[in-house]
Amino acid sequence: AVAAMAPHRAGAALPSAAILLLLPLASAGLSSYFGTKSRYEEVNPHLLRDPLSLGPAAAGSQLPAACAPLQLRALLRHGTRYPTAGQIRRLGQLHARLRRRPAAVACPAAADLAAWQMWYEESLDGRLAPQGRRDMEHLARRLAARFPALFAARRRLVLASSSKHRCLQSGAAFRDGLGPSLSLGSDEVEIEVNDSLMRFFDHCAKFVALVEDNNAAMCQVDTFKEGPEMRKVLEKVASALCLPVEELNADLVQVAFLTCSYELAIKNVTSPWCSLFSEEDAKVLEYLNDLKQYWKRGYGYDINSRSSCILFQDIFQHLDKVVEESKSSKPISSPLIVQVGHAETLQPLLALMGFFKDDEPLKANNYVRQTHRKFRSGRIVPYAANLVFVLYHCDQVKTSKEEYQVQMLLNEKPMLFHHSNDTISTYEDLKDYYKDILENCHFKEECELPKINVTAVDEL
């Protein structure tokens, strides 16, 4: 077990016996609470045993045999990545502070962390890790196994990505993972850069001014950082590191916690940084992460989700085109559309559609009441998160309305539609349910700044 815990070369495969030894350590209470820095395996644990297994969800909610898939539209978050330059810088500062500690003062936790090798370099800045490439290759192979008719030879694949390096590399890894299942040589499928859809939030002036660049918009996050739950974690970590509590803050503690998550996701090792935190601490730090996601990308402000209607409408425009082609007995021009973006691409879209909405908003003062909240970013958008729309044509139906049906999968699991409480919907019913967004959510108007440049949170 000691050998299994030793750090190994980034990207090197661990022998299966070592992985089995690691599992109890890696999942000893913390790995469920890493929020957006969670491994994909946290939502699909069967992949730890076999990364190509389709798992139990694939067997459920099957459509009738008379239904054939016409189009698959997949929105992916990039795979496992390295920390950003800012996180690496803060980790370097904390690590340097521990190394400067007087050796005469006995402090085992601080000594262990001072001895830990700081291997992250700022040049890694959010780039895709080798594990991230594997995430995408394996996802491609699982989707191809699940929808063989769509991924069959000579089917056209349209591949798009955000301009970020980690997304472009994820797209290339997904394409490479399909390998021989598509007749096209992998180099022949070009990746189109499309930031207007994959990074719509950057192009929405109202979101940028009133949320992204407005410190007041994150008041709930800032209040929680100074609140009693975080104070308790802060004092405990300061005590373990034999540091005055004044020398730490919520951001530094969060960096230490996220280093635990990065070491697990990137290297599949249990980092010494994990030893600073209990499961209760992890729940508090997860809530801090979720608060930020909620107020910046989720239900906190309407503009967060309304800015994604450009992507939502694009999905339905392509589905409409497929229905039209099918009714005219034309070949389907785009049977496979795969687009790679970010947690920030998927989270607003899911909020626009009304998923994972709690009765009560997430706030700084209701941590305990939100223990069983639906909005848990690590369950919704871990690394390699994927939202998949599949449109089917069904024969032997009673009414023409049932001829076209849709299924939605989040992280490869069928989702229940709000309007039907079922994992299948007729395309007509789905469009009807989202009629208002499809007809009345106009990106240009939604994202225009008010004429008077008011940056107060009240405006939101």
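The values are calculated or read from the model by the stated rules, or taken from the named source; none is laboratory data. Because the structure is a prediction, the values reported are computed rather than measured. Glycine also receives a Cβ, built like all others from the backbone with ideal geometry; neighbour counts cover every protein chain displayed. Just the protein is used for accessible areas: all its heavy atoms, side chains included, with ligands, DNA and RNA removed. Shrake-Rupley method; radii C 1.70, N 1.55, O 1.52, S 1.80 Å.
A few notes on this one:
- Scanning region 131-145 for residues that are out of contact with any helix residue (DSSP H, G or I) (no Cβ under 7 Å at 6 or more places or on another chain) and crowded, with 16+ Cβ neighbours inside 10 Å yields 134, 142, 143.
- Identity of the residue in region 148-168, farther than 19 Å from residue 194 by Cα and surrounded by 17 or more Cβ atoms within 10 Å (Cβ to Cβ), that ends up farthest from the chain's Cα centre (by Cα): 155
- Region 262-276 - residue that is open to solvent by 20 Å² or more (accessible area, probe 1.4 Å) and part of a loop (DSSP other than H, G, I, E, B) and, of those, nearest to residue 235 (Cα to Cα): 270
- Filtering region 197-213 to residues that are part of a loop (DSSP other than H, G, I, E, B) and crowded, with 23+ Cβ neighbours inside 10 Å leaves only 204.
- Scope region 256-308; condition within 16 Å of the chain's Cα centre (by Cα), of a type in the set (Phe, Trp, Tyr) and within 14 Å of residue 87 (Cβ to Cβ); matching residues: 262
- Of all residues in region 111-134, those satisfying the criterion of being of a type in the set (D, E, K, R) and at pLDDT 95 or above are 121, 122, 125, 127, 133, 134.
- Scanning region 403-422 for residues that are in a loop (DSSP other than H, G, I, E, B) and either in contact with a Gly (Cβ under 8 Å, 6 or more places away or on another chain) or among the aromatic types (Phe, Trp, Tyr) (or both) gives 412, 417, 418.
- If you go through region 121-141 and keep only what is basic (Lys, Arg) and more than 18 Å from the chain's Cα centre (by Cα), you end up with just 141.
- Against the list (1) open to solvent by 20 Å² or more (accessible area, probe 1.4 Å); (2) outside any loop (DSSP other than H, G, I, E, B); (3) closer than 18 Å to residue 274 by Cβ; (4) of a type outside the set (A, V, I, L, M, F, W, C), the condition residue 95 fails is (1).
- The one condition in (1) over 25 Å from residue 252 (Cα atoms); (2) touching a Lys or Arg at 6+ places or on another chain (Cβ under 6 Å); (3) part of a helix (DSSP H, G or I) that residue 52 fails to fulfil: (3)
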